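Note sheet for the following structure.
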Amino acid sequence: MRKTSQALSATEPAVLHAFEVYFAPAYSRVRHIRRITAAHLRLWDLPSMIEPATLVVSELVTNAIQHSDGASVNLRVQQLYADELRVEVADGTPKLAKPRVAGHDDESGRGLLIVAAIAREWGVSRGGEVTWCSLSIPRGVCVNTAPNSEQRPPATRRPSGGVAHQPHGS
C-alpha cells in the first residue's frame, strides 16, 4: 500500500490523500477492498463519500476480477483537491470496459451503468488496462485539506489519457 500527500508536478492534479492496493483476482476480495476503502475515507474525514465510493469500487473491482485473466488487480483511490475522489482499477488486460445492456433476468452486466450514474465522469485508459471514475466531493465536506487545495487549475490530466465518459445531462 502506498500513501501520497503531494502533487507530483505542476501538470499533475494536487493529490491530498491516496492509497493503492494490489491483490489476487478473487471475488472474495471485493468485500475486503470495500472495507479498506471505507477505512481510508473515514481516516481522510470523508464519511459522506463512503457509500458512493464503496459502490463504484465494488463494481469496478468486480469487473476487473472478471476480466483479469488471472493477473493481479490494482485499486488506487485518490482525493484530488478538495472536490474530487478518483478511483482507478487496473486489471492488466487491454480489453476496453464498455457498458452493456443487461436483460431483465441477468444477474450481472449493470456495473458500468451504475458507475456512470454515480460518477461525475468515468473512462478507460488508452491501453484499456485501467478503468477509472471521478466522484464529486460536495463543497464543505472536506475539512482536512491544505489552505489552497480548492483552487483547481483550469484543466487536469486524466489518468493514462484514454476515453472519458460523462453522465447524460452533464
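The values are calculated or read from the model by the stated rules, or taken from the named source; none is laboratory data. Given the structure is predicted, the values throughout are model-derived calculations rather than measurements. No Cβ is skipped: glycine too gets one built from the backbone with ideal geometry, and neighbour counts run over all protein chains shown. With ligands, DNA and RNA removed, areas are computed over all heavy atoms of the protein, side chains included. Shrake-Rupley method; radii C 1.70, N 1.55, O 1.52, S 1.80 Å.
Taking the range 119-140 on its own, how many of its residues are open to solvent by 60 Å² or more (accessible area, probe 1.4 Å) and either aliphatic (A, V, I, L, M) or modelled with pLDDT of 90 or more (or both)?
So the answer is 3.
Considering only the range 71-105, state which residues are modelled with pLDDT under 85 and either in contact with a Pro (Cβ under 6 Å, 6 or more places away or on another chain) or open to solvent by 70 Å² or more (accessible area, probe 1.4 Å) (or both).
Within the range 71-105, Pro94, Lys95, Leu96, Lys98, Arg100, Val101, His104, Asp105 meet the criteria.
Could you tell me how many of the residues in the range 13-43 are part of a helix (DSSP H, G or I), among the hydrophobic types (A, V, I, L, M, F, W, C) and closer than 20 Å to Gln79 by Cβ?
6
Tell me, which residue of the range 20-70 that is open to solvent by 30 Å² or more (accessible area, probe 1.4 Å), out of contact with any Cys (no Cβ under 8 Å at 6 or more places or on another chain) and among the charged types (D, E, K, R) is nearest to Glu129 (Cα to Cα)?
Among those that are open to solvent by 30 Å² or more (accessible area, probe 1.4 Å), out of contact with any Cys (no Cβ under 8 Å at 6 or more places or on another chain) and among the charged types (D, E, K, R), it is Asp69.
Filter the range 1-19 for residues that are crowded, with 18+ Cβ neighbours inside 10 Å and not hydrophobic (A, V, I, L, M, F, W, C); which is modelled with the highest pLDDT?
By that ranking, first place goes to His17.
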